[in-house]
Amino acid sequence: MTDRPDPESSRADEDRRGPPCPFCEAGMDKRHCKYVCPNHGVVYDCSDPFR
């Protein structure tokens, strides 16, 4: 067994949770066209042209 995550399962987790937070790498939740970090609150808005 290896400690590396399965690329398929990590991609599925990213699709469900959203991208990692740029500040703390925590998985962000998708909520009403926003990405919300459990530690920092709203980090990205889906309409942000600079993302």
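Taken together, the values in this text are just the output of simple stated rules run on the coordinates, not laboratory data. Just so it is clear, the model here is predicted, and its values are computed rather than measured.
Below are the figures for this structure:
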quantity	calculated
Computed lengthening from residue 30 to residue 47, 0.36 nm per intervening residue step minus Cα-Cα distance	4.8 nm
For segment 37-47, 3J(HN,Hα) per residue [Karplus equation, 6.51 cos²θ - 1.76 cosθ + 1.60, θ = phi - 60°, Hz, x = Gly/Pro]	7, x, 9, 10, x, 5, 10, 10, 10, 4, 8
